[in-house]
Amino acid sequence: MRLSKMYFKTFRDDPAEAVIPSHKLMLRAGLIRREASGLYIFMQPGWRAVRKIEEIVREEMDGKGAQEIHMPAIMPAELWQETGRWYEYGPELWRIQDRHGRDFCLGPTHEETFTAIARADITSYKQLPANLYQIQMKYRDEDRPRFGLLRSREFIMKDAYSFDADREGLDKSYDDMYDAYTNVFTRMGLDFAPVEADTGAIGGNNSHEFTAFSEVGESDILRCPACGYAATDEKTPGVDDPAQDDVAMLPLEKKETPGTKTIEAVCDFLGLDKKQSIKALLFQTLDEETLEVNGYVAAFVRGDREVNMIKIVNALDIPEFCLEFADESKMGPVTGAVGGFTGPMHLHDCKSIVDSELVGMKNMCAGACEKDCHYINVNYGRDYEGDIVTDIKTAQAGDRCPVCGKPLTATKGIEVGQIFKLGTKYSESMGAVFADENQETHPLVMGCYGIGVTRTLAAVVEKYHDENGIVWPMSVAPYHCVIVLVKPKDEEQQKAAEKIHDALEKAGVEVLLDDRDERVGVKFNDADLCGYPIRITVGKKAGEGLVEYKLRREDEVQEITVEEAVEKAVSLVNAEKDGRCFFAGR
């Protein structure tokens, strides 16, 4: 491919709307163009990189016996109504109507349609196990699209669905996908880990999120260096401090605490440690269909803790979008809550959720549900109780590991894939059953497995870049090599460059010839920005059969013969192009 004939444009300055490296660099390098908020055009180099990722995914999925099909992106509402997700999925579900007023949605995920296919075709245990997948555009009406491809409204996802006769079969399918995902992300050179995760709107009873470690990631991951435990902060159990069973309860006292609306303020005023206080957070729950407020919730944790909203959602058994912070001016008159001074006593018409740790704490400080007043010596059981008592605290770095008790460490990551054990959640609601060897019917046991293809592209760029641009790993690079022709009108240079180009192309190397009528500095800058793994420069020594050979990931520039340059490039590309060099045992 000659760059002078390619639809190609780079940009010198960072775009105003981009704040993270991958977003900036993909726009500047001409991989993507912004169409609207959360919507992107993939230009030729960007689309080539996407296809590289897709092929790695296909190879690993096919290697585990999964079969690729292709579903419509538009799905009828009836399927989603069968499972109850038409409203349960929330505002992110892009609902549309056809000209006849019939309801459809743009698929954010395809559990319902794959279950419908299995329901129609699988009748006997002899047809099991089965695993079907697709690679396709998905749509989610994100409230705040941001960070380029990391949170967009249209994205490419590989989603697979396994069907088994029993839980043992599901365990095997799950382990196969776990192994395939490990290979996929390793072949792209990502620094990642599978961690335990919440199942969210997909459902099921077990899930692992494959997280590529990155400071710009939206996933907060907690890991234990001692035993290897790893999970998202949404999933990590908060370990309670030991109960204070040997501490006597003191008499309840009300204290005037003027203007102390925060934990810090009231503890400073009363001379208490934050661990001796109770923090209150006020929420309202929404109706799934109308999104009208249908109730209030007060959640209580120890004052030095943070509330985990996902744990509250799970405790209430409601969709995540149905919980939001309360309008205190409306909640107060109904429940007795007083902004900044709410405690677990004197509330009414309000569901109370108490963190399990508070049950064992003695003589705590809490709001009195009265302006400028707090109680001290508040004790669970004697002074208040909760409608629900469970772990609702967010685990943090330094907290004890739920497995071995050693301190946890924290890091951030980008979710690039997630696998779920769905069980019979969808097959039961949609009547997807099979007959066993005794002709007794059972619901299919399902798993689902997703990889964010375009999100993974962003994760690769986040890991592989420097101050000059992208530094592609060979396995996903849009092109393996760029030949920089210093003077396109120089006949000797032109002949040498074309000789290298043709030899590399014949050997299976994906190569660009930069024959543009531009200054060599511009060409070098573009080569670095676009991140081609190998750069061969054909300049004034072309007549002597010499060229410059440089790897994007290294500073060294070698002056070698044309033949040596071709040989080195072909050898390196063949060694690294499928990414298998990144992991052993392949």
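Each reported figure results from applying straightforward, stated rules to the coordinates on display, with no laboratory input. What you are looking at is a predicted structure, and each value in this text was computed from that prediction instead of being measured. Virtual Cβ from ideal backbone geometry, glycine too; neighbours counted across all protein chains shown.
Tabulated results
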{"quantity": "Rg/Rg_globular for segment 253-390, with Rg_globular taken as 2.2 N^0.38 Å and Rg from C-alpha atoms", "calculated": "1.01"}
{"quantity": "Cα-based Rg / Dmax (Å) for the chain", "calculated": "29.0, 97"}
{"quantity": "Relative contact order (%) - criterion: Cα under 8 Å, at least six apart; region: segment 293-410", "calculated": "27"}
{"quantity": "Gain upon complete extension [R382, A16; 0.36 nm per residue less C-alpha separation]", "calculated": "126.0 nm"}
{"quantity": "Counting DSSP beta bridges with both ends in the chain, the antiparallel % (nearest 5)", "calculated": "80"}
{"quantity": "Fraction of antiparallel bridges per DSSP, segment 469-582 only, in percent to nearest 5", "calculated": "50"}
{"quantity": "Antiparallel bridge percentage (DSSP; both residues within segment 253-390; nearest 5)", "calculated": "70"}
{"quantity": "Residues whose placed amide H lies under 5 Å from that of C401, excluding near-sequence neighbours", "calculated": "K406, L408"}
{"quantity": "Filtered GluC sites (Glu not before Pro), segment 90-129: DSSP coil and at most 16 other beta carbons within 10 Å", "calculated": "E92"}
{"quantity": "Computed E for E492/E518 - FRET, C-beta separation, R0 22 angstrom, nearest 0.05", "calculated": "0.70"}
{"quantity": "Exposure proxy order (Cβ contacts within 10 Å, fewest to most) of S219, S356", "calculated": "S356, S219"}
{"quantity": "Isolated Cys residues of the chain, judged by Cβ distance under 4.7 Å to other cysteines", "calculated": "C105, C267, C322, C350, C365, C369, C373, C448, C481, C530, C581"}
{"quantity": "Unit charges on C-beta of K, R, D, E only; dipole of the chain, Debye", "calculated": "1640"}
{"quantity": "Expected 222 nm ellipticity per residue - DSSP helices of 4 or more, -39500 (n - 2.57), all of the chain, to 500", "calculated": "-8000 deg cm²/dmol"}
